[in-house]
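This report concerns only the one structure given below.
The values are calculated or read from the model by the stated rules, or taken from the named source; none is laboratory data. The structure displayed is predicted, hence computed values, not measured ones. Note: ideal-geometry Cβ built from the backbone for every residue, glycine included; neighbour counts use all protein chains shown. The protein model used for the area step is the full one, side chains on, heavy atoms only, and it has no ligands, DNA or RNA in it. Shrake-Rupley method; radii C 1.70, N 1.55, O 1.52, S 1.80 Å.
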Amino acid sequence: MFGVLKLIGFSVFMYLLDSAGDFRTKNPRFGGGTHPWDVLATWDGWWYQQIAAHGYHPELRPIPGATGLITIEGNSAAFFPLYPALMRLVSEITGLGLYGAGLLVSVVSSFAAALAIYAVTAHFGGRRAGLAAAGLWAVWPGSGVEWAVYSDSLYVALAAWACYAVMTRRWLTAGLLTCAAGLNRPTAGALIAALAVAALLAVHRHRRQEGILRPLAAVAVAPLGLLGYLAWVGHRMGDYGGYFKLQSGAWAHEFDYGRQTLDVITSVAVGHNDYLYAWPVADLIGVGVVLLAAMLVPLLIRLRPPAVLVVYPVLTLALVLGSQQIFGNVSRYLLPAFPLFIPLAVALRRLSLRLQCTVLGLAAVASGSYAGYVLFELGVP
């Protein structure tokens, strides 16, 4: 189901790129190229290819005379190492170029993520709900990066399997998967916290049945990837807060307690676009995704899922919406909050399989635009 739905959306995305043709006039680094599929390796994809080819050289280099938001030159250290390392490894094993290797890692990871999302949801809501959840992963806003040279699919695969490992009490597996997720994206902090809450609850409730060593070992191992990379970058820069200074000074990404999110939502509501990083079409979709997520959280809680499936998406929402960033990317940044699919998946399971496939198939056709073209061509992914 996931593969068919994803292929439909991807085909529509490529058709829209080719028919509009705007990519032909853009810089190959910023959404351009000779062929439609070249767009899949632009923006962040360009940085990942540079890391895979040349490694890291962390530094904080001020831009001479710069004032305002951007005062530091962009540096690859802002991008976490697991995905580009896998790109390099797959490239050397298969003989593919870095573009092909990166796309292969993303596509395979997207199927691994779909299977994990199916397993998590089926464990909680039954097989039909699991199928629906895997289908929703294929058509969710922001899903255009699932088959691109981006790290999102790999992160979701690790996070979803970590949640499943927690649900099935495979604590060391959960800890190792969370550790790996921390080497892939900084928002793994939400996953680390969710695992810690679940482990401490398990210790409190079931300490006589299964002991406390494995849950506590998982809690100890889980943050090592994230903290290790941040410490390494800080050591190389000579400033242990260097990663955060780089994000703030080079990309204007920092935690602002939701001020920019509120500014965007209130501006879009009245048709204004005088806020930071305005991309009107992508931002309108982003506002819709935020409102949808806000409605799904209480519906998820009402189903009384395991604690990890509540803490993880809620903290992911808090990290994403509490940060200053390109708001049009919020649909992409909320892809990891896959437990929010569960209430919709439970509702969809009441439909016959044929009707379920029809609904998701229509969403897949539309996703070529709202999840692919808008993100890459009418915004900045």
- Taking the square root of 5λ for each eigenvalue of the C-alpha gyration tensor of the stretch 156-207, the equivalent ellipsoid has semi-axes, largest first and in whole angstrom, of 19, 11, 8
- Radius of gyration and Dmax over the Cα atoms of the stretch 1-125, both given in Å: 18.0, 57
- Query: What is the gain in length, in nm to one decimal, between Met295 and Val108 on full extension, counting 0.36 nm per residue of separation less the C-alpha to C-alpha distance?
  - Reply: 64.2 nm
- Query: Can you work out ³J(HN,Hα) from phi for every residue in the stretch 146-151, in order, using Karplus 6.51 cos²θ - 1.76 cosθ + 1.60 and θ = phi - 60°, giving whole Hz and x for Gly and Pro?
  - Reply: 5, 10, 8, 7, 10, 8
- Determine, from the Cβ-Cβ distance of Trp232 and His204 and an R0 of 41 Å, the FRET efficiency 1/(1 + (r/R0)^6), rounded to the nearest 0.05. 0.75
- So the compactness index of the stretch 12-77, its C-alpha Rg divided by 2.2 N^0.38 Å, takes the value 1.42
- Compute the FRET efficiency between Asp256 and Leu353 as 1/(1 + (r/R0)^6), taking r as their Cβ-Cβ distance and R0 = 56 Å, and round to the nearest 0.05. 0.80
- Query: Which order, highest average first, do 355-363, 152-160, 102-110 follow once you tally other Cβ atoms within 10 Å for each residue and take the mean per peptide?
  - Reply: 152-160, 102-110, 355-363
- Note on the structure: Taking the chain, the equivalent ellipsoid from its C-alpha gyration tensor has semi-axes in Å, biggest first, of 30, 27, 21
- For the chain, what is the charge dipole size about the Cα centre, in debye to the nearest 20, if Lys and Arg each add +1 at the Cβ and Asp and Glu each add -1 at the Cβ? 1620
- Item | Principal axes of the stretch 184-308: Cα extent on each, largest first, Å | 59, 47, 20
- Message: I'd like the distance between the alpha-carbon centres of the stretch 146-197 and the stretch 260-286, rounded to an integer number of Å.
- Response: 31
- Long-range HN-HN contacts of Glu254 with modeled amide H, under 5 Å: Gln324
- Which three semi-axes in whole Å describe the equivalent ellipsoid of the stretch 82-175, each the square root of 5 times a Cα gyration tensor eigenvalue, listed largest first? 26, 16, 9
- Item | Global form of the stretch 100-241, assessed from the alpha-carbon gyration tensor, a/c cut-off 1.5 | oblate
- Query: From the phi of every residue in the stretch 279-288, what ³J(HN,Hα) in whole Hz does the Karplus formula 6.51 cos²θ - 1.76 cosθ + 1.60 yield, where θ is phi - 60° and glycine or proline is x?
  - Reply: 9, x, 5, 4, 5, 4, 5, x, 4, x
- Please report the relative contact order for the chain, taking Cα pairs under 8 Å with a sequence separation of at least 6, and give it as a percent rounded to a whole number. 23
- Per the rule of 0.36 nm per residue minus the C-alpha distance, extending Trp46 to Arg127 adds in nm 25.3 nm
- Item | Positive-end residue of His272, Trp140, Met167, charge dipole of the chain with Cβ unit charges | Met167
- Query: Full extension from Ala66 to Asn27: what is 0.36 nm times the residue separation minus their Cα-Cα distance, to one decimal in nm?
  - Reply: 11.7 nm
- Query: What does the accessible area per residue of the stretch 283-381 come to in Å², with a 1.4 Å probe and no ligands, DNA or RNA counted?
  - Reply: 37
